[in-house]
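The values are calculated or read from the model by the stated rules, or taken from the named source; none is laboratory data. Quantities reported herein were computed from a predicted structural model and do not represent experimental measurements. Note: ideal-geometry Cβ built from the backbone for every residue, glycine included; neighbour counts use all protein chains shown. Accessible surface areas use protein heavy atoms only, side chains included; no ligands, DNA or RNA. Shrake-Rupley method; radii C 1.70, N 1.55, O 1.52, S 1.80 Å.
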Amino acid sequence: VLLDSARVHPDDVKASWYEYRSLDPPLVLRRAEAALQPPPGVTLRLQDGRLVASGTAPLAWQQAAQLRAASLTDVTAYDDSALQMTEAAQFNELRQAISSTEFRFEGGTLAITSDPDAVAALVQQARDVLRLGDVLGRDVRVVVVGHASTEGAAATNRRLKLSRAQVVRNRLINA
């Protein structure tokens, strides 16, 4: 209709079509999100042409995202320096939980009075922190420290502290 009204013959029209990729930031961001498929907890944003990832994500996704991001032609760089590994966050939480674990003993004895489930929980936390340490390439050591009251002879209390630490250590090893 347009050609007829302009009295242009269709054979006189030459048309060429080229791919057009908008560099409009919201569209660039949507394409990046489609390519990287960020998991829940990860936010992508554009900053001066750079794609910035922040939040927490599994290590496997982070590694895959770095590879995929290299092929994104609409961004000048990929920055994941604000991204924390889910495993690292879990590792730190477990480390803190283990560090704050205390067992109570009956006065002057090696009998644990703490909840028996606390030992089982500590064992599971230790297994988890060791597994995450492997994933993250970190060496992990669990140090058990025993305590005793200041009542009584110092030498007796030193032996009691060491023996209590051994009791907890043995429960961890033998669980």
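Could you list, in sequence order, all residues of region 116-134 that are modelled with pLDDT under 90 and more than 17 Å from ALA165 (Cα to Cα)?
ASP117
Find all pairs meeting these conditions: Cβ atoms under 9 angstrom apart; at least six residues apart or on different chains; first residue within region 55-70 and free of Cβ contacts under 8 Å to residues at least 40 places away in the same chain and on the phi > 0 side of the Ramachandran plot; second residue open to solvent by 70 Å² or more (accessible area, probe 1.4 Å) and of a type in the set (Val, Ile, Thr).
Going by the 9 Å Cβ cut-off, the qualifying pairs are GLY55/THR43.
Residue-by-condition table, conditions (1) closer than 21 Å to ARG138 by Cα; (2) not basic (Lys, Arg):
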{"residue": "TRP17", "(1), (2)": "no, yes"}
{"residue": "ARG31", "(1), (2)": "no, no"}
{"residue": "LEU51", "(1), (2)": "no, yes"}
{"residue": "LEU67", "(1), (2)": "no, yes"}
{"residue": "THR73", "(1), (2)": "no, yes"}
{"residue": "ALA89", "(1), (2)": "yes, yes"}
{"residue": "GLU93", "(1), (2)": "yes, yes"}
{"residue": "ALA97", "(1), (2)": "yes, yes"}
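Give me the pairs: first residue in region 107-124 and on the phi > 0 side of the Ramachandran plot, second residue open to solvent by 40 Å² or more (accessible area, probe 1.4 Å), beta-carbon distance under 8 Å, and six or more apart or on different chains, which are they?
GLY108/GLY152
Name the one entry in LEU29, LEU44 that is under 30 Å from GLY133 (Cα atoms) and either in contact (Cβ under 8 Å) with a residue 24 or more places away in the chain or within 26 Å of the chain's Cα centre (by Cα) (or both). Explain how you work it out, then say what you get.
Numbers: LEU29 fails: under 30 Å from GLY133 (Cα atoms).
Unique residue meeting the criteria: LEU44.
Identify all residues within region 135-161 that are assigned to a helix (DSSP H, G or I), surrounded by 12 or more Cβ atoms within 10 Å (Cβ to Cβ) and free of Cβ contacts under 8 Å to residues at least 24 places away in the same chain; write none if there are none. Show your work before the answer.
Looking only at region 135-161, we keep the residues that are assigned to a helix (DSSP H, G or I), and these are 135-136, 154-161.
Filter once more, keeping what is surrounded by 12 or more Cβ atoms within 10 Å (Cβ to Cβ): 135-136, 156-161.
Hits for region 135-161 are THR156, ASN157, ARG158, ARG159, LYS161.
Taking region 88-105 as the region of interest, how many residues are exposed (fewer than 15 other Cβ atoms within 10 Å of the Cβ) and touching a strand residue (DSSP E or B) at 6+ places or on another chain (Cβ under 8 Å)?
Pass one, region 88-105, residues exposed (fewer than 15 other Cβ atoms within 10 Å of the Cβ): 89, 92-93, 96-97, 99-100, 102, 104.
Still in the running and touching a strand residue (DSSP E or B) at 6+ places or on another chain (Cβ under 8 Å): 89, 104.
Residues flagged as exposed (fewer than 15 other Cβ atoms within 10 Å of the Cβ) and touching a strand residue (DSSP E or B) at 6+ places or on another chain (Cβ under 8 Å) within region 88-105 amount to 2.
Just for region 56-70: of the residues that are open to solvent by less than 80 Å² (accessible area, probe 1.4 Å) and of a type in the set (S, T, N, Q), which one is farthest from THR86 (Cα to Cα)? First the steps, then the outcome.
Pass one, region 56-70, residues open to solvent by less than 80 Å² (accessible area, probe 1.4 Å): 56-62, 64-65, 69.
Subsequent filtering for residues that are of a type in the set (S, T, N, Q) retains 56, 62.
Details: THR56: 5, GLN62: 10 Å.
Filtering first and then ranking leaves GLN62.
Quick one: would you say ASP48 is open to solvent by 100 Å² or more (accessible area, probe 1.4 Å) and under 12 Å from VAL75 (Cα atoms)? Step through it out loud before you land on a result.
Numbers: open to solvent by 100 Å² or more (accessible area, probe 1.4 Å): yes; under 12 Å from VAL75 (Cα atoms): yes.
Spelling it out, ASP48 is indeed open to solvent by 100 Å² or more (accessible area, probe 1.4 Å) and under 12 Å from VAL75 (Cα atoms).
Among what's in region 71-87 and is touching a residue at least 40 places away in the same chain (Cβ under 8 Å) and of a type outside the set (S, T, N, Q), pick the residue that is surrounded by the fewest Cβ atoms within 10 Å (Cβ to Cβ).
The extreme case among them is LEU72.
Within region 16-34, take every residue that is of a type in the set (A, V, I, L, M, F, W, C) and over 15 Å from VAL52 (Cβ atoms) and give me the one that is surrounded by the most Cβ atoms within 10 Å (Cβ to Cβ).
Taking region 16-34 as the starting set, the residues that turn out to be of a type in the set (A, V, I, L, M, F, W, C) are 17, 23, 27-29, 32, 34.
After this cut, where a residue has to be over 15 Å from VAL52 (Cβ atoms) as well, the list is 17, 23, 27, 34.
Details: TRP17: 5, LEU23: 9, LEU27: 12, ALA34: 8.
Restricting to residues being of a type in the set (A, V, I, L, M, F, W, C) and over 15 Å from VAL52 (Cβ atoms), the top hit is LEU27.
Would you confirm whether or not region 4-19 contains a residue that is outside any loop (DSSP other than H, G, I, E, B) and of a type in the set (A, V, I, L, M)? So that I can check it myself, show each step before the final result.
Here is the first cut: in region 4-19, the residues outside any loop (DSSP other than H, G, I, E, B) are 4-6, 10-12.
Still in the running and of a type in the set (A, V, I, L, M): 6.
There is at least one residue in region 4-19 that is outside any loop (DSSP other than H, G, I, E, B) and of a type in the set (A, V, I, L, M).
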